[in-house]
Structures are given as C-alpha cells and as structure tokens.
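Have a look at this one before I ask anything.
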Amino acid sequence: MTLTGYLVVAVAVVIASCLQASIGFGMGMLAAPVVAVVDPSLVPGTLIIQAGVLTLLVTVAERQHIDLRGTGWALVGRVPGTVAGALLVAALPPQGLALMLSGVVLLGVVLTCFGWAPQPHRPVLVLAGSASGLLGTATSIGGPPMALVWQGKDAPVLRGTMSGFFLIGSVLSVATLASTGAIGAHTLLTSAVLAPAPVIGYALSRYVNRFMDARRLRWAAIGVSALGAVLLIGEQLV
C-alpha cells in the first residue's frame, strides 16, 4: 500500500473512531468501505484490531457506567456468532451474507423510526449479541444490532456498555480469524502503523461528547445504523 493509501485509511479510521467513541459504535461502518477500496485485504482484520484499541480507551474512561449484566448476556450470544462469522469468512463469499444482514439492520431501523424499541431482556440481548458477532467478524460492522437494543440508554452508559462488549468481542474475533488464517503478518504490521489513528479519534470525541444528549444520541445511533447498512450494500453491489 502506498503512502497516500495509508494516509487515506488513517484519516478514515480517525473520523470513524471519533464517531464510535461518541455514540458507542460506527467505526466499521464509516471506515470499512474506504479501507476496502484502498486495500481489501485489511477488512475485516485490521479494522477489528483498530476497534480493539479504541474500545479499550473508552471502556477504561467509562468503566463506572458499564451495564455488566447486559454485557454478559450479549457476550453469551457473541461467542457462537463470532465462530459462525469466521467460518463464513473462510468458506463463503461475503456478499450474500452482508446483503442479508444489512437488510435485517435496515428493517430494524425502519421499525425503530416507527416507534419499535426492543427491550434489552435476556433473550433479546443474546440474539443481538449473536447477530453482532456474526456480522462483525464477517464484515467488521457489528454495531447496529446492539445499538438498536441499547438505544434507550444514557450516553455514558451506552458508550461504556457498547465499548465493553466490543472490546471483548474484538479479542474473540481477532483470535478466531487468526485461527482460520484470515489474519497474517500484513494485517498485524498495518495495524501497528495505524495504531495512533484510533487514539487521535478518541481524543477528538471528548469534545463531540459535550453535545450528545439522549435525543441526539438515539437518532445518531439510528442514522448511523442505516448509513452503515446502505454503505455495506453499496460496497457489495459495486
């Protein structure tokens, strides 16, 4: 990858990291289409590693606000979803999977706009965690299922809970992808070079967070979910 390519990817990761550190998710949605154009081999591994760096920072900062019970049940579903996603990455073209899951996300967004608000009960959390693990491991975009379930939480709780969930989820995804051969030396080297980008994005988010009240947070989460699904569909169809 050229120096220009690295700079383009780094800027995309900085902006996407700022978004995720503000609303709890969104890094893969904004960065994945850009990274896929510059170097498709970096998706999903490099973005998942960058998300791990970011979520570690947010989890430490918002640790007192994390919903441990909800995170635990979501992770119960994340494990089988992660395994399924890694197996699909290794065995199947991702286009059909990405299109199907993007359609599910868009359906959830439409229903949410008309007042549907799934309650974060145990079965719902497990199901959302499974969908997030499957979609996140296969495409690096795993935020929408959890955002739709946790959309009613206050901003610090949403950021902390989502980050705690994605921190552990990122570790699971990287380990599982590595075991299938989907993460190699190129991915690790590029991830090391890009490591400052999520840190810069996190620093920028500290200013953005001052303007994120509950209403703005909810609609930002819904809007970014829709945008991410549309971008993913567009990426697969081009």
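The values are calculated or read from the model by the stated rules, or taken from the named source; none is laboratory data. All of these numbers come straight from a predicted model, not from anything done at the bench. All Cβ positions, even for glycine, are placed from backbone atoms using ideal geometry, and neighbour counts span all protein chains on display. Remember, those area values only see protein heavy atoms, side chains included, never the ligands or the DNA or RNA. Shrake-Rupley method; radii C 1.70, N 1.55, O 1.52, S 1.80 Å.
For ALA192, all conditions in the list (1) buried (at least 16 other Cβ atoms within 10 Å of the Cβ); (2) modelled with pLDDT of 85 or more; (3) outside any loop (DSSP other than H, G, I, E, B) hold save one; what is the number of the exception?
Result: ALA192 fails condition (1) only.
Could you grab me the full set of residues in the stretch 16-67 that are open to solvent by 20 Å² or more (accessible area, probe 1.4 Å) and acidic (Asp, Glu)?
ASP39, ASP67
Within the stretch 188-206, can you find the residues that are out of contact with any Cys (no Cβ under 8 Å at 6 or more places or on another chain) and under 23 Å from GLN151 (Cβ atoms)?
ARG206
Exactly one of these conditions fails for PRO118: (1) modelled with pLDDT under 90; (2) outside any loop (DSSP other than H, G, I, E, B); (3) within 21 Å of ALA229 (Cα to Cα). Give me its number.
(2)
Here is a list: GLY142, GLY164. Which entry is within 19 Å of MET27 (Cβ to Cβ), open to solvent by less than 30 Å² (accessible area, probe 1.4 Å) and at pLDDT 90 or above? Before you say what the answer is, go through the steps one by one.
Numbers: GLY142 fails: at pLDDT 90 or above.
Just a single option satisfies the conditions, and that option is GLY164.
Among the numbered criteria (1) within 11 Å of the chain's Cα centre (by Cα); (2) outside any helix (DSSP H, G or I); (3) not β-branched (Val, Ile, Thr), which single criterion is violated by GLY152?
For GLY152, the exception is condition (1).
Continuing with the same structure: Exactly one of these conditions fails for VAL126: (1) touching a Pro at 6+ places or on another chain (Cβ under 9 Å); (2) surrounded by fewer than 24 Cβ atoms within 10 Å (Cβ to Cβ); (3) hydrophobic (A, V, I, L, M, F, W, C). Give me its number.
(1)
Could you give every pair whose Cβ atoms fall below 6 Å, whose first residue belongs to the stretch 146-160 and is β-branched (Val, Ile, Thr), and whose second residue is part of a loop (DSSP other than H, G, I, E, B), counting only separations of at least 6 or pairs across chains?
Going by the 6 Å Cβ cut-off, the qualifying pairs are VAL149/PRO118; VAL149/PRO120.
Spot the failing condition for ASP39; the list is (1) without any contact (Cβ under 8 Å) to a residue 24 or more places away in the chain; (2) closer than 27 Å to ALA182 by Cα; (3) among the charged types (D, E, K, R), and only one is missed.
It fails just one condition, (1).
Within the group ALA229, ALA203, ALA197, which residue is open to solvent by less than 60 Å² (accessible area, probe 1.4 Å), aliphatic (A, V, I, L, M) and at pLDDT below 90?
Every option except ALA229 fails the conditions.
Are any of the residues in the stretch 177-184 open to solvent by less than 40 Å² (accessible area, probe 1.4 Å), hydroxyl-bearing (Ser, Thr, Tyr) and under 18 Å from PRO44 (Cβ atoms)?
No, that holds for no residue.
Now a separate question. Just to be sure before I move on: is THR55 of a type in the set (S, T, N, Q), within 18 Å of VAL174 (Cα to Cα) and touching a Leu at 6+ places or on another chain (Cβ under 6 Å) in the structure I sent?
So THR55 fits the description; yes.
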